[in-house]
Amino acid sequence: MAANNRRMSGKKGAQVGSGGNRRRGLEGKGPTPPAEARKGHVKNRIANAKAKKSAGAPRRPAPKGRGGKASSEMVVGRNPVFEALRDGVPASTLYVQQFIDNDERVREALQLAAERGGIHLMEAPRPELDRMTNGLNHQGLVLQVPPYEYAHPEDLVAAAFDEGKDPLIVALDGVTDPRNLGAVVRSVSAFGGHGVLVPERRAAGMTAGAWKSSAGTAARTPVARATNLTRALEAYKKAGVAVVGLAADGEHEVGDLPALNGPVVIVVGSEGKGLSRLVGETCDYRVRIPMPGGAESLNAGVAAGIVLYEASRRRD
């Protein structure tokens, strides 16, 4: 017994318990909160926008810039520079060659730049303009267009709910002509849409050509850019927005599709290839535009305008 006591006396005193912390640490944290309650989720943004709308909060414009910036662009040549200034293409600086022949087009370009204001006039020697334009035939005039600030795809949906309306958005899949992008922006603006979504790669961006084709509507119609178009469309679907793809062999006719009555994103593919496989599989509906005249396809701007008109007509 004495030996037993000696062995027991070798202990370092009473053991300190965890106070239940370990047991509590093993307990579950309860069910996952719904998407509307998870901060940062697209449904949470939409729910907050609806709540602000019902509380009478003032409408705010969709924030820009989170979708990234394009690179700056140079418009070169007397006629292109004059037309860009005339058509309201954003510009930061007009470079004029030293000792340039002051013809009518040069005078008109300088006058437009002065009238618009906010455009810096810089005189530069010809070798400097050659360097800036990589040897293009600039004819002594170079206009610098600032980088376009793209919106984030979620901002288009949030802006619609800020207005108390169902989202009406156009997404472009494989459209590489900036003039088509500008025409789509113009149609979205004309029919009360909330913006245009484009992929980051292998697609037209908001260049000077797109600005010109938009006839000034690009200044009030946001264009968002997605790193991955399919994932952006999936996020729209989770937010309750129907994804409608235009296809020549679509299962539905555009005039018979109830989905156009509510929140919808209309996906337009390229004129030659149509929708890509993954984007086509992501669509909830594939619709066709009846063409009794026998044409095989329409360009992106015309096709988008027809479907936007039908959607707008049903919402009036």
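The values are calculated or read from the model by the stated rules, or taken from the named source; none is laboratory data. Only a predicted model underlies this, so the values are computations on that prediction, with no experimental measurement involved. Backbone-built Cβ (ideal geometry, glycine too); neighbour counts: all protein chains shown. Note: areas computed on protein heavy atoms with side chains; ligands, DNA, RNA excluded. Shrake-Rupley method; radii C 1.70, N 1.55, O 1.52, S 1.80 Å.
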(request) With the checklist (1) touching a residue at least 60 places away in the same chain (Cβ under 8 Å); (2) within 20 Å of residue 194 (Cβ to Cβ); (3) hydroxyl-bearing (Ser, Thr, Tyr) in hand, flag the one item residue 221 doesn't pass. (result) (1)
(request) Test residue 192 against the stated conditions and say whether it is in contact with a helix residue (DSSP H, G or I) (Cβ under 9 Å, 6 or more places away or on another chain), open to solvent by 20 Å² or more (accessible area, probe 1.4 Å) and either farther than 24 Å from residue 86 by Cα or assigned to a helix (DSSP H, G or I) (or both). (result) yes
(request) Report whether or not residue 109 is in a loop (DSSP other than H, G, I, E, B), open to solvent by less than 30 Å² (accessible area, probe 1.4 Å) and either in contact (Cβ under 8 Å) with a residue 12 or more places away in the chain or closer than 21 Å to residue 135 by Cα (or both). (result) no
(request) Please indicate, with yes or no, whether at least one residue in region 215-227 is among the polar types (S, T, N, Q) and open to solvent by less than 40 Å² (accessible area, probe 1.4 Å). (result) yes
(request) Provide a single number: the residues in region 228-240 that are more than 15 Å from residue 150 (Cβ to Cβ), open to solvent by 10 Å² or more (accessible area, probe 1.4 Å), aliphatic (A, V, I, L, M) and part of a helix (DSSP H, G or I). (result) 1
(request) Tell me, please, whether a residue that is assigned to a helix (DSSP H, G or I), out of contact with any strand residue (DSSP E or B) (no Cβ under 7 Å at 6 or more places or on another chain) and farther than 19 Å from residue 236 by Cβ can be found in region 279-300. (result) no
(message) Restricting to region 156-210, name every residue that is under 21 Å from residue 286 (Cβ atoms) and of a type in the set (Gly, Ala, Ser).
(response) 171, 174, 187, 193, 203
(message) So, in region 81-97, exactly how many residues are more than 17 Å from residue 147 (Cα to Cα), surrounded by fewer than 19 Cβ atoms within 10 Å (Cβ to Cβ) and of a type outside the set (Lys, Arg)?
(response) 2
(request) Filter region 252-266 for residues that are open to solvent by less than 20 Å² (accessible area, probe 1.4 Å) and assigned to a loop (DSSP other than H, G, I, E, B) and give the result. (result) 257, 262
(message) Looking at region 267-278 only, could you name the residues that are in contact with a strand residue (DSSP E or B) (Cβ under 8 Å, 6 or more places away or on another chain) and assigned to a loop (DSSP other than H, G, I, E, B)?
(response) 275, 276
(message) When you scan region 241-251, do you find a residue that is out of contact with any Leu (no Cβ under 9 Å at 6 or more places or on another chain), surrounded by fewer than 19 Cβ atoms within 10 Å (Cβ to Cβ), outside any loop (DSSP other than H, G, I, E, B) and touching a residue at least 24 places away in the same chain (Cβ under 8 Å), even just one?
(response) no
(request) For region 178-189, state whether one or more residues are in a loop (DSSP other than H, G, I, E, B) and open to solvent by 30 Å² or more (accessible area, probe 1.4 Å). (result) no
(request) Kindly indicate whether residue 143 is open to solvent by less than 40 Å² (accessible area, probe 1.4 Å), closer than 20 Å to residue 215 by Cβ and in a strand (DSSP E or B). (result) yes
(request) Within region 261-273, identify whether any single residue is touching a helix residue (DSSP H, G or I) at 6+ places or on another chain (Cβ under 8 Å), closer than 17 Å to residue 184 by Cβ and among the hydroxyl-bearing types (Ser, Thr, Tyr), and answer yes or no. (result) yes
